[in-house]
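These notes concern the structure reproduced below.
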Amino acid sequence: MEVIIQKDEDKASLLVARLIAKELKAKPSLVLGLATGRTMERVYAKLVQLHREEGLDFSLCRTFNLDEYVGLESDHQGSYHFFMKQHLFSKINIDPRNTHLPNGMASDLAKECEDYERLIADCGGIDLQLLGIGSDGHIGFNEPLSALRSRTREKALAPATIKQNGPLFESLDQMPKRGLTMGVGTIQESKHCLLLATGKQKAAVLARAVEGPITSMISATALQLHPHCCVVADEAAASKLQEQAYYRWIFENEPEWDDFH
Ligand code: F6R
């Protein structure tokens, strides 16, 4: 795992967008795993900017989102389908047929999850998976005690997630309490993982995820087992990491990061 610390949320989001852009330029048919949530809004704004100002081309890119609520129509303002369209898909030159999210309205949710896994495999697997981290350490909707080898499945949302995302709905009653999510095992199979954490409210959980023991209580700790995982954090989110000086030294001195200073 590598940890890159940036001064603030804006710089951290720009770095993540530039890392994605680099992969997309190297492989225009990139299979890109996407996340939603407040942290991602700024990343997507930066990607839109790179598309508009520098012609970053998404025409061959294929995307798979991590998760979706169960029981929300895709045009519901709280759905992740809606979020992706609003923040990214409607603003770049991606072919909508190449964008995929689990369908939380499917009549057979187990089959939907199996089909989703198969579709990812048919595309050759995910090249780069973008991740946020929940206040309970989840990645996707992999709530505490998610098996570290879990696959795409239906999951009951934990109280911390309901508290975190509840304010995005008109009332708590309207927030679905279940989701479909790629599993921790599905995420582990991505060729690269890129996790972004910003804000001081993520500092404690990020420290446990990066420097704590691997545990299914904090799904993000499974990323410590991933051979190519990069964590980008702003100073606030990184503030509880023990080895900040070491991470900063690597970023400043390793040639692979020269283009990103
Ligand atoms: C959503 C997802 C979640 C979020 C996490 C952080 O697709 O994958 O794991 O990344 O809940 O959400 P924010 O960014 O809203 O704090």
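The values are calculated or read from the model by the stated rules, or taken from the named source; none is laboratory data. Since the structure is predicted, the reported quantities are computational estimates derived from the model, not experimental observations. In this analysis, Cβ positions are derived from the backbone assuming ideal geometry, glycine residues included, and neighbour counts consider all displayed protein chains. Calculation scope for accessible area: heavy atoms of the full protein, side chains included, ligands and nucleic acids excluded. Shrake-Rupley method; radii C 1.70, N 1.55, O 1.52, S 1.80 Å.
Quick one: in the range 175-186, of everything that is hydrophobic (A, V, I, L, M, F, W, C) and within 12 Å of the ligand (Cβ to nearest atom), which residue is surrounded by the fewest Cβ atoms within 10 Å (Cβ to Cβ)?
Filtering the range 175-186 for residues that are hydrophobic (A, V, I, L, M, F, W, C) and within 12 Å of the ligand (Cβ to nearest atom), the one surrounded by the fewest Cβ atoms within 10 Å (Cβ to Cβ) comes out as Val184.
Against the conditions (1) more than 12 Å from the ligand (Cβ to nearest atom); (2) closer than 26 Å to Val232 by Cα; (3) in contact (Cβ under 8 Å) with a residue 12 or more places away in the chain, where does Val70 fall short? Just the number, please.
Status for Val70: all satisfied but (2).
Go over the candidates Leu225, Leu172 one by one and state the one that is farther than 29 Å from Met105 by Cβ and of a type in the set (A, V, I, L, M, F, W, C).
None of the other options fit; the residue is Leu225.
Could you run through the range 89-110 and say how many residues are closer than 19 Å to Leu72 by Cβ and not small (Gly, Ala, Ser)?
10
Please pick out the residue among Glu189, Glu243, Glu254 that is more than 16 Å from the ligand (Cβ to nearest atom) and open to solvent by less than 80 Å² (accessible area, probe 1.4 Å).
Glu254
What number of residues in the range 159-174 are surrounded by fewer than 19 Cβ atoms within 10 Å (Cβ to Cβ) and in contact (Cβ under 8 Å) with a residue 24 or more places away in the chain?
6
From the list Arg97, Arg18, Arg52, pick out the single residue that is of a type in the set (Lys, Arg), more than 16 Å from the ligand (Cβ to nearest atom) and touching a Leu at 6+ places or on another chain (Cβ under 8 Å).
Arg18
Among Arg42, Arg52, which is the only one that is under 29 Å from Thr198 (Cα atoms), surrounded by 16 or more Cβ atoms within 10 Å (Cβ to Cβ) and of a type in the set (Lys, Arg)?
Arg42
If you take the residues of the range 55-67 that are away from the ligand (no atom under 16 Å from the Cβ) and of a type outside the set (A, V, I, L, M, F, W, C), which of them is surrounded by the fewest Cβ atoms within 10 Å (Cβ to Cβ)?
Looking at residues that are away from the ligand (no atom under 16 Å from the Cβ) and of a type outside the set (A, V, I, L, M, F, W, C), I get Gly55.
If you go through the range 96-118 one residue at a time, how many are surrounded by fewer than 17 Cβ atoms within 10 Å (Cβ to Cβ) and either within 21 Å of Ala45 (Cβ to Cβ) or basic (Lys, Arg) (or both)?
Here the count works out to 4.
Does Lys85 satisfy the criteria of being of a type outside the set (A, V, I, L, M), surrounded by 15 or more Cβ atoms within 10 Å (Cβ to Cβ) and over 26 Å from Lys177 (Cα atoms)?
When the stated conditions are applied, Lys85 does not pass them.
Could you give me the residue pairs with C-beta distances under 8 Å whose first residue belongs to the range 30-44 and is farther than 12 Å from Ser190 by Cα and without any contact (Cβ under 8 Å) to a residue 12 or more places away in the chain, whose second residue is more than 8 Å from the ligand (Cβ to nearest atom) and assigned to a strand (DSSP E or B) wherever it lies, and which are 6+ apart or on separate chains?
Short answer, once both residue conditions are applied: none.
Name the single residue, out of those in the range 219-240 being open to solvent by 10 Å² or more (accessible area, probe 1.4 Å) and hydrophobic (A, V, I, L, M, F, W, C), that is nearest to Ser135 (Cα to Cα).
Ala236
Filter the range 138-168 for residues that are over 21 Å from Tyr44 (Cα atoms), in a loop (DSSP other than H, G, I, E, B) and out of contact with any Pro (no Cβ under 7 Å at 6 or more places or on another chain) and give the result.
Listed by number, the residues that qualify are Asn142, Glu143, Pro144, Leu145, Ser146, Ala147, Leu148, Arg149, Ser150, Arg151, Leu157.
Sort through Gly125, Gly134, Gly140 and tell me the only one that's closer than 21 Å to Ala17 by Cβ and either within 13 Å of the ligand (Cβ to nearest atom) or not basic (Lys, Arg) (or both).
Gly140
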